[in-house]
Amino acid sequence: MRIINFNAGPAALPLPALERARDELLDYGGSGMSIMEHSHRGKEYEAVQAEAISLLTELLDLPSSHQVLLMQGGASLQFAMVPMNFLPIGASADYIITGTWSEKALAEAKIVGKPRVACTTILPDKRYVRIPKQSELDLDPSASYVHITSNNTIFGTQWMEYPSTGGVPLIADMSSDFLWRKFDAGRFALIYAGAQKNVGPSGLVVVIARKDLMAKGRKDLPKILRYETFAENNSMYNTPPTFGIYLMRNVLAWVKQVGGLGPIESWNREKARLLYGALDAMSGFYRAPVERESRSLMNVVFRLSSEALEEKFVAEAKKQGMVGLKGHRSAGGIRVSTYNAVTVENVKTLVSFLERFAKANG
Ligand SMILES: Cc1ncc(COP(=O)(O)O)c(C=O)c1O
C-alpha cells in the first residue's frame, strides 16, 4: 500500500517511474543485470544517460548555448562551486537572500571571495515571508553574477517572475521548484537543482549552464571542482551516480508521457489553488504566514494556534495515511510539499482532512 507522501525532499516519486525501475531492476533490457551493475562506459548505461539529457533538453526546450551537467555532492556543493568557478579574487557577486538556503549559499561564497547582499527579506524574528520586488534590489552592474533561490523550501516562498539583472549573469538554486513548469532557461547563466524533489533521488544534481560561462571559469581549481571538466567530458569525467540518473530518466519519461510540462504546471496550479483556498477559507483556524504574491506552489506552510495542536494534526494525518507534514525543524508549523509526483487527488484528500480537523478542534 502506498502512503500519501508530502515530504520536502527526498520526496514522492511518480509511481510509474518506480514501477518501471522495479520491472527493470534485475534484468535491464535483457542484459541479465541491473543498470546499477553496468559499466558507466558501456552502451546500455550510456544510452540511459543520453536519454535523460535529451529528455530534459526537450522538455525545457533548452537553447544550444546551454549544456546539461549531471553532478554529485548535493545542491550544497553547488553553493561552493559557483563562487569557486565564477567569483574571481577582487571581484564581487550579488546574493539575494530569501531564506535559509540563500543564507547557506552566501556563507560559502564568503569563504571563497567577497559577495554582497543585494537584498534580504529577513524579518527581525529571522523568518522570511516574501520575495522582494525588483525595485528593492540593490544590484551592482559590475557583479560577477547575481544568485537567487527560486523556491524557498523551508519558508514556502517562490519567485514567480525572475529578477532583471541587466547584463549580469543570473544564477539560481532551483532545487525545490525545478521542472514544475516550463520556463526560459536561456535567461539564466547557470541553474542547479538537487534531484530529490521533482526529478529523482538524492545523490544527483542537475546543472544547466551557459557553455561560454563554464569555459571562462577559474582554472586554478582541482579538476573535479571545475564545471568545465564536467562539460568537456559530458558528465563522465568520473563515475556518475548511475542509478540516480537512470531513475531521473524514468521520471522525465513519465513527464513526457503525461504530456510534458504543460499538464504538470496546470496540476501544480490546481493543487496550490485547492490548498491555499482551503487555508484562506479557514483562516481563523489555519494561519498561512507567506504574503500572497510570494506563496510557493511547491511548499505550502501554515501554523495552527499551538505547537501541541500542530503535533496532533501531524499525528492524526499520519493515521489517515498522510506523512511528511511536519515543518522544517528550524521553522516549525506544518509544511505540505506538493511536488510533481503528488497528485491533485492526494491534495483533495488532505483538504478534506483539513476541514474535518478544523471542525473537530476549532
Ligand atoms: C532550495 C534548496 N537548496 C539547497 C538544498 C540543499 O540540498 P542538498 O541537501 O542536496 O545539498 C536544499 C535541500 O533541501 C534546498 O531545498
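Look at Ser39 and say whether it is open to solvent by 20 Å² or more (accessible area, probe 1.4 Å) and not in a helix (DSSP H, G or I).
Here the answer is yes, as Ser39 does meet what is asked.
Is it the case that the range 151-169 has a residue that's under 22 Å from Gly9 (Cα atoms), open to solvent by less than 40 Å² (accessible area, probe 1.4 Å) and more than 12 Å from the ligand (Cβ to nearest atom)?
no
If Met84 passes every condition in (1) within 16 Å of the ligand (Cβ to nearest atom); (2) part of a helix (DSSP H, G or I); (3) over 18 Å from Pro169 (Cα atoms) but one, which one does it miss?
For Met84, the exception is condition (3).
Mind listing whichever residues of the range 183-212 are in contact with a helix residue (DSSP H, G or I) (Cβ under 7 Å, 6 or more places away or on another chain) and within 17 Å of Ser144 (Cβ to Cβ)?
Ala189, Leu190, Ile191, Tyr192, Ala209
Taking Lys104 and the conditions (1) within 16 Å of the ligand (Cβ to nearest atom); (2) open to solvent by less than 60 Å² (accessible area, probe 1.4 Å); (3) charged (D, E, K, R), which numbered condition does it fall short on, given that it satisfies the others?
With (1) within 16 Å of the ligand (Cβ to nearest atom); (2) open to solvent by less than 60 Å² (accessible area, probe 1.4 Å); (3) charged (D, E, K, R) applied to Lys104, the lone miss is (2).
Exactly one of these conditions fails for Val129: (1) in contact (Cβ under 8 Å) with a residue 40 or more places away in the chain; (2) within 16 Å of the ligand (Cβ to nearest atom); (3) β-branched (Val, Ile, Thr). Give me its number.
(2)
Whether any residue in the range 238-247 is loosely packed, with under 15 Cβ neighbours inside 10 Å and either farther than 26 Å from Trp101 by Cα or not acidic (Asp, Glu) (or both) is what I want to check.
Checked the range 238-247: at least one residue is loosely packed, with under 15 Cβ neighbours inside 10 Å and either farther than 26 Å from Trp101 by Cα or not acidic (Asp, Glu) (or both).
Is the range 46-68 home to any residue that is free of Cβ contacts under 8 Å to residues at least 12 places away in the same chain and either within 16 Å of the ligand (Cβ to nearest atom) or assigned to a loop (DSSP other than H, G, I, E, B) (or both)?
Yes, some residue in the range 46-68 is free of Cβ contacts under 8 Å to residues at least 12 places away in the same chain and either within 16 Å of the ligand (Cβ to nearest atom) or assigned to a loop (DSSP other than H, G, I, E, B) (or both).
Given the conditions (1) touching a residue at least 12 places away in the same chain (Cβ under 8 Å); (2) closer than 22 Å to Lys197 by Cα; (3) open to solvent by 10 Å² or more (accessible area, probe 1.4 Å), and given that Lys318 satisfies all but one, which numbered condition is not satisfied?
Answer for Lys318: the failing condition is (1).
One line per residue, one yes/no per condition, for (1) in a helix (DSSP H, G or I); (2) away from the ligand (no atom under 16 Å from the Cβ); (3) among the β-branched types (Val, Ile, Thr):
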position: Arg2; (1), (2), (3): no, yes, no
position: Ala8; (1), (2), (3): no, no, no
position: Leu13; (1), (2), (3): no, no, no
position: Arg20; (1), (2), (3): yes, yes, no
position: Leu26; (1), (2), (3): no, yes, no
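Of all the residues that make up the range 332-349, how many are over 15 Å from the mean Cα position of the chain (by Cα) and more than 15 Å from Arg2 (Cβ to Cβ)?
Residues that pass the stated criteria total 7.
Out of (1) more than 16 Å from the ligand (Cβ to nearest atom); (2) in contact (Cβ under 8 Å) with a residue 60 or more places away in the chain; (3) among the polar types (S, T, N, Q); (4) crowded, with 17+ Cβ neighbours inside 10 Å, what's the single condition that is false for Gln78?
(1)
Within the set of pairs 6+ apart or on separate chains, which have a first residue in the range 13-32 that is in contact (Cβ under 8 Å) with a residue 60 or more places away in the chain and open to solvent by 70 Å² or more (accessible area, probe 1.4 Å), a second that is part of a helix (DSSP H, G or I) and aromatic (Phe, Trp, Tyr), and C-beta atoms under 8 Å apart?
none
Testing Tyr95 on (1) in a loop (DSSP other than H, G, I, E, B); (2) farther than 24 Å from Val199 by Cβ, one condition comes back false. Which one is that?
The one condition Tyr95 does not meet is (1).
Looking at (1) open to solvent by 10 Å² or more (accessible area, probe 1.4 Å); (2) part of a strand (DSSP E or B), which is the only condition Ala118 fails?
Checking Ala118 against (1) open to solvent by 10 Å² or more (accessible area, probe 1.4 Å); (2) part of a strand (DSSP E or B), the one that fails is (1).
The values are calculated or read from the model by the stated rules, or taken from the named source; none is laboratory data. Worth saying up front: this structure is predicted, and the values here are computed from it rather than measured. Heads up, the Cβs are rebuilt from the backbone with ideal geometry, glycines too, and the neighbour counts pull from every protein chain shown. For accessibility, only protein heavy atoms count, side chains too; no ligands or nucleic acids. Shrake-Rupley method; radii C 1.70, N 1.55, O 1.52, S 1.80 Å.
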